[in-house]
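A quick write-up on the structure given underneath.
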Amino acid sequence: MKKFVYLPTDDSDEKNPQFLFSLTHNELLTAIVNKLIDPVKLAKKELANRGFDTSGKWIGFHSDKNNPNESTSLLADRARKILDIRKLNEDIKAKEKQEEKDIKLLIILESFELEFKKELPLLKDAGITWDAHFKTNYEHDGAFIGFIYKSYTLRMDYSQGSGYRYECPNSNERGSMRFGYWPKNDFIVWIYEYLIKPGDLPL
């Protein structure tokens, strides 16, 4: 690993590397850490803009306005940086969206467990597990509670504040599906008929 050794010519704050990024925006710091921005290349460019070479020697300013290749290179470099920052922003938004979805699912799961708090101990005792999910590509009111018993599963559509709907039967029986808002008292029977009984059948 390369060891960096820098000795400032005096102890002023403006030459203290500890303060190098003190005024830099978090977005740029994140881009540097994730190697979306090359700080060494930017430092060289800034030195050139100030008329210095990489050793700090004054060399004057050079105009590249008449060099079409250089202009194209600078334009391409600028475009790539813009695209890199946009990609970083998209990644941040995607992460925030995923966190928002996780929070929504947690709220739905807590709402379900509160609504069915008397029945859930029976499910747990029978070895049944459950969790909240979003239907693929259908997030608007597209949440459901999935129940698992051995290799069998059941899904129950569930929307906080708008009730719940049973969807039968398990995923192992295609084409046999019923919808409807059933009384909660039928929940145990539904679980038994479509999850436990099929799960206990001999293979």
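The values are calculated or read from the model by the stated rules, or taken from the named source; none is laboratory data. Everything numeric here is computed off the predicted structure, so don't read it as measured data. Here the Cβ is made from the backbone with ideal geometry for all residues, glycine too, and neighbour counts use every protein chain on show. Just the protein is used for accessible areas: all its heavy atoms, side chains included, with ligands, DNA and RNA removed. Shrake-Rupley method; radii C 1.70, N 1.55, O 1.52, S 1.80 Å.
Values for this structure:
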{"quantity": "Leu120-Leu28 FRET efficiency (beta carbon distance; Förster radius 35 Å; 0.05 resolution)", "calculated": "0.10"}
{"quantity": "Ranked by how many other beta carbons lie within 10 Å on average, peptides 75-85, 109-119 from highest", "calculated": "109-119, 75-85"}
{"quantity": "Region 1-43: projected area of the alpha-carbon convex hull, averaged over directions, in nm²", "calculated": "4.0"}
{"quantity": "Accessible surface, 1.4 Å probe, highest first, among residues His25, His133", "calculated": "His25, His133"}
{"quantity": "Charge sum, other residues only, whose C-beta stays under 11 Å from Gly127's C-beta, Lys/Arg counted +1 and Asp/Glu -1", "calculated": "0"}
{"quantity": "Members of Lys101/Lys197; Lys93/Lys124; Lys104/Lys197; Lys15/Lys41; Lys93/Lys117 lying beyond 26 Å, as alpha-carbon distances in this model show", "calculated": "Lys101/Lys197; Lys93/Lys124; Lys104/Lys197; Lys93/Lys117"}
{"quantity": "Ranked packing of 31-37, 194-200, most packed first, by mean Cβ within 10 Å", "calculated": "194-200, 31-37"}
{"quantity": "Environment charge at Glu96 (Cβ cut-off 12 Å; Lys +1, Arg +1, Asp -1, Glu -1)", "calculated": "-1"}
{"quantity": "Exposure ranking of Asp91, Asp13 by accessible area [1.4 Å probe, largest first]", "calculated": "Asp13, Asp91"}
